[in-house]
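The values are calculated or read from the model by the stated rules, or taken from the named source; none is laboratory data. Note that the structure is a prediction, hence the values are computed from the model and not measured. Cβ placement follows ideal geometry from the backbone for every residue including glycine, while neighbour counts extend to all protein chains displayed.
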Amino acid sequence: MIYEFEAKTEKEAIETAAAELGLEQDQFDVEIIETQKNGLFKKGYVKIRVHTDAPVEKGAQGTAGNTAAESPRRESLFADPFPKDEFEKQLIDFISSVIRKMGYECSAEIMFREDRKIGIRLSSPSSSILIGRKGKNLDALQLLANVYAGHLGSGDVKIVLDTENYRIRREESLVRLAYTTADKVRTSRSSVLLEPMNPFERRLIHTTLNEIGDVETKSEGEGLYKQVRVFYKGVR
C-alpha cells in the first residue's frame with residue numbers, strides 16, 4: 001500500500017506516518033516527493049510517500065511526538081555470518097540458487113542482523129555483473145529475496161543484499177553528486193534533472209540537500225525509478 005504525508009520536516013512527516021499507520025518506522029520505505037524551505041511568503045514543508053506491505057492498524061493510537069521515542073532499540077549483530085535459524089538458511093540457499101541458475105558462482109553469508117532487517121553479503125568473481133548498471137541487478141535480486149521472505153512467512157523482515165560494499169560506495173557517490181549538482185544550479189540559477197533512481201537513492205539526494213537554503217528538490221516521473229530535479233530556489 002502507498003500513503004502520502006506532509007509536515008514541516010522529514011522527521012516529523014515520518015513520525016506522523018508511523019503514528020497514523022500504527023507501524024514502526026522500519027516497517028515502511030520512505031520516498032521524499034518534494035521539499036520546500038521557508039521563504040518570505042511561503043512556509044517550508046516536506047512531502048513523503050510511504051510504501052509498506054505490513055498490515056496497517058486503523059485508528060492506531062500514538063502521536064508524532066512520541067513515536068520515535070517508543071521505537072524499540074535496534075542492535076546490529078556482526079559476529080556470526082552463518083544462518084542462525086531455518087528462515088535464514090532457506091533465504092541464503094534461495095539467493096545462492098538463483099545466482100547459480102543465472103550462471104555465476106556465488107556464496108552468501110549474513111552481513112548484519114537488526115530488528116526486522118537482515119543484511120546478506122554476496123561474494124562472487126562476477127560481482128560487477130551481480131551489481132549491474134547503477135545497481136539495478138542487485139536491486140532486482142534484493143526484490144526477489146524480499147518476495148521469498150514473504151513466501152516464508154516473514155514479510156515484515158526487510159532483506160538487504162550487498163557485494164563489494166557497493167551500497168556504501170553508491171551512497172558516497174550520490175552524496176558527492178548531490179553537492180556537485182547543487183553548486184551547478186546555484187551558479188546557473190537554473191535546474192538539473194538527475195538520472196532515474198530508486199526510492200532510497202532519491203531520498204538520499206533530498207536529505208543531503210535539505211539544509212541548503214537556496215536549493216530545492218522534487219521527484220518527477222512515474223514508477224519505481226523516478227528522477228530528482230534539483231533547482232535554484234524560485235526557479236522550477
Whichever residue in the stretch 130-148 is in a helix (DSSP H, G or I) and free of Cβ contacts under 8 Å to residues at least 12 places away in the same chain and, among such residues, is farthest from Phe87 (Cα to Cα): Arg133
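Yes or no: Ile168 crowded, with 19+ Cβ neighbours inside 10 Å and either touching a strand residue (DSSP E or B) at 6+ places or on another chain (Cβ under 9 Å) or in the same structural domain as Asp214 (by TED's automatic domain parsing) (or both)?
Working: crowded, with 19+ Cβ neighbours inside 10 Å: no; either touching a strand residue (DSSP E or B) at 6+ places or on another chain (Cβ under 9 Å) or in the same structural domain as Asp214 (by TED's automatic domain parsing) (or both): yes.
The answer is no for Ile168.
Could you tell me how many of the residues in the stretch 1-20 are out of contact with any strand residue (DSSP E or B) (no Cβ under 7 Å at 6 or more places or on another chain) and free of Cβ contacts under 8 Å to residues at least 40 places away in the same chain?
Of the residues in the stretch 1-20, the ones out of contact with any strand residue (DSSP E or B) (no Cβ under 7 Å at 6 or more places or on another chain) are 1, 11-12, 15, 18-20.
Those left that are additionally free of Cβ contacts under 8 Å to residues at least 40 places away in the same chain: none.
Residues that pass the stated criteria total 0.
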State whether the residues of the stretch 125-148 include one that is under 24 Å from Glu12 (Cα atoms) and surrounded by fewer than 19 Cβ atoms within 10 Å (Cβ to Cβ). no
For Tyr179, state whether it is buried (at least 19 other Cβ atoms within 10 Å of the Cβ), of a type outside the set (Val, Ile, Thr), over 26 Å from Gln25 (Cα atoms) and outside the structural domain of Asp93 (by TED's automatic domain parsing). no
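If I filter the stretch 108-129 for residues that are out of contact with any strand residue (DSSP E or B) (no Cβ under 7 Å at 6 or more places or on another chain), of a type in the set (Lys, Arg) and either in a helix (DSSP H, G or I) or in contact (Cβ under 8 Å) with a residue 24 or more places away in the chain (or both), do I get at least one hit?
So far as the stretch 108-129 goes, yes, one or more of its residues are out of contact with any strand residue (DSSP E or B) (no Cβ under 7 Å at 6 or more places or on another chain), of a type in the set (Lys, Arg) and either in a helix (DSSP H, G or I) or in contact (Cβ under 8 Å) with a residue 24 or more places away in the chain (or both).
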Residue list for the stretch 211-236, restricted to those being more than 14 Å from Glu31 (Cα to Cα), surrounded by 15 or more Cβ atoms within 10 Å (Cβ to Cβ) and in contact (Cβ under 8 Å) with a residue 40 or more places away in the chain: Glu216, Val230, Phe231, Tyr232, Lys233
